[in-house]
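Values in this text are rule-based calculations from the coordinates and carry no lab data. Every value quoted in this text rests on a predicted model; they were computed, and no experiment measured them. Neighbour counts are summed over all protein chains in view; Cβ atoms, including those assigned to glycine, are modelled from backbone coordinates with ideal geometry.
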Amino acid sequence: MISWKDEANKYKQDYLNDLKELVAIDSSRDVEHATSDYPLGAGPAKALAIFLKFAKRDGFTTKNIENIVGYVEYGEGDEYLAILGHADTVPAGKGWDTDPFTLMLDEGKAIGRGTSDDKGPALAAYYGLKMLKENGIKPNLKIRLIIGTDEESNWTGMKRYFEVEPEPKLGFSPDAEFPLINGEKGNVTFETKFKGINKESENTLINFKAGLKENMVPRDAEAVVKTNNVAELTSAFDKFVADMPITGEISDADGMVTLSVVGKAAHGMEPKNGVNAGTYLAKFLSNYDFDESGHDFIAFVADKLHLDSRAHSLGLNFTDEIMGDLTMNIGIMEYSKSTGGLINTNFRYPKGIDPEKIKQQLIANADKYHGVVSMDDGGMKPHFVDPDDDFIKTLMAIYSEQTGQLDAKPEVVGGGTYGRMMKRGVAFGALLPGAADTMHQANEFQVVDDLMLAMSIYGQSIYELTK
């Protein structure tokens, strides 16, 4: 019988060498530079190619589907176990102490964009599969490690996979946390748009920008204001920053005042873990009388969205006994005097409420600020797998055996993983309970020993599910 932990540690240096190569690629979605060869931009496709290169090196069968998704295959048969990871990342953003695309090892941590979400965990799952192959274990159920390249946005690659390939019998995604995620909230995003203006007033909002993606709490925000009250604005801003959990700077050039705020980035599934620089900046500016359109944009954020991750002010606070609270992240806030503005709100909702209810409440509130609401493609519905499913019991037993956490139980989260694309799909690791969650943040890291433990857990899990 294999000693899974000992076997995983044999691969430690090889794993870190491969992770270094993956982290070096900026694989954030870049459709502005898309081509026929690179539909999502060059970065995501290059990161996918590296994953498949590793698999070819190690003697696996591989397939690249349209440079947006690919898989590594081991074993034979019509049905298969799927392991769904992703090679794309959110943008690096600001605030790093090191180069986000150079893997750094410091005090037992692997630091770099993607080390935790999801290059590090997906590669750990790959090495778990590699352990079986290199130990001569032939599974009785075919195994596919499937790598997507657009998980942080529209799931383009994985959706395409399910259009052209048969659905898995069961599977897991190494893209969340241990012990196991058997339920995921629904996920839907709305845009609220505001008109611009041609005229100016005593205080005019020239532009406003905060946020990189809908599923990130904005770390940085900046606004440019034209005003006749520079001294008063500067004094008030300095006091506001001193009293709040943010830092900020203000500068003036002939009445054109630039205000910059720095908060804390976090994953949008739990906005309380971050400090939204954009809503804090809007809250400060809401103390002043602006032009009509600028006022509407600022006031909507300040009155209805700031410090309200449970959407009480919108009348959308809702809790399900099993799946928990509805949450709201304000991921993108942009405004230009000439073209108008938009506010991007991302909701993670439990069963018992639906996107149409959310939309109607958002419309009713935004209308008072002359905002026009539109919805994306409908998002994703809540997903839940019965914890008494033998598949889940097997994974939980392996986790408990390897960690000694005998009282561990499956969880429901606000995050959305590829696990929800399968009827019997769950998220399984790789973040351990109590470990720092730095996904979507500057200085993202995962503890190397934790990744080795995840590799060990994945190896045994793949073995047990396919023997």
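Remarks
- Rounded tilt (10° steps) of 119-134 against the dominant C-alpha axis of the chain: 10
- Annotation for E165 and A435: the two label points, set 7 Å from Cα along the Cα-Cβ direction, are 2.5 nm apart.
- Our note on the geometry: Cα centres of the stretch 390-467 and the stretch 295-325, 31 Å apart.
- Amide H contacts under 5 Å for M216, placed H, 5+ residues apart: G268
- Karplus 3J(HN,Hα) series, Hz, for the stretch 44-55 with 6.51 cos²θ - 1.76 cosθ + 1.60 (x for Gly, Pro): x, 5, 5, 5, 4, 4, 5, 4, 5, 4, 4, 5
- Cα→Cβ-extended label distance, 7 Å offset, between A253 and A299, nm: 3.1
- Hits among aspartates and glutamates - C-alpha to C-alpha of K423 under 18 Å, sequence gap 8 or more where chains match: D78, E79, E163, E165, E167, D175, E184, D386, D388, D389, D390, E411
- Taking each DSSP H run with n ≥ 4 as -39500 (n - 2.57) and averaging over every residue of the chain yields -9000 deg cm²/dmol at 222 nm.
- A crude spin-label estimate for the pair D30 and K12, with each label 7 Å from Cα along the Cβ direction, gives 3.5 nm.
- Förster radius 56 Å - calculated FRET efficiency between R57 and S336 (Cβ-Cβ, nearest 0.05): 0.70
- Filter on K46/K119; K53/K467; K209/K337; K5/K130; K304/K368; K119/K351 - keep pairs with C-alpha separation over 21 Å: K53/K467; K119/K351
- Given charges at beta-carbon only (K, R positive; D, E negative), |dipole| of the chain in Debye: 720
- Rounded to the nearest 20 debye, the dipole magnitude of the stretch 218-361 is 420 debye, with +1 charges on Lys and Arg beta carbons, -1 on Asp and Glu beta carbons, and the Cα centre as origin.
- Using the Karplus relation 6.51 cos²θ - 1.76 cosθ + 1.60 with θ = phi - 60°, the per-residue 3J(HN,Hα) values for the stretch 142-148 come to 4, 10, 10, 8, 10, 10, x Hz, with x marking Gly and Pro.
- Report note on the peptides 158-164, 434-440: ranked by the mean count of other C-beta atoms within 10 Å, highest first, their order is 434-440, 158-164.
- Placing R0 at 45 angstrom, the Cβ-Cβ distance between A236 and N317 gives a FRET efficiency of 0.90 after rounding to 0.05.
- Nearest-ten-degree value, helix 448-466 long axis tilted from longest Cα axis of the chain: 50
- Cross-linked pairs K94/K381; K283/K359; K193/K264; K195/K359: Cα-Cα separations exceed 27 Å for K94/K381.
- Residue among V301, I2, G77 farthest towards the positive dipole end of the chain, charges placed on Cβ: G77
- Amide hydrogen proximity for N203: with H placed 1.01 Å from N in the peptide plane, the residues at 5 or more positions away or on another chain lying under 5 Å are D291.
- Computed about the Cα centre, the dipole magnitude for the stretch 30-130 is approximately 300 debye when only Lys and Arg (+1) and Asp and Glu (-1) carry charge, each at its Cβ.
- The phi-based Karplus calculation (6.51 cos²θ - 1.76 cosθ + 1.60; θ = phi - 60°) puts the 3J(HN,Hα) values of the stretch 433-440 at x, x, 6, 5, 9, 10, 4, 6 Hz, whole numbers, x for Gly and Pro.
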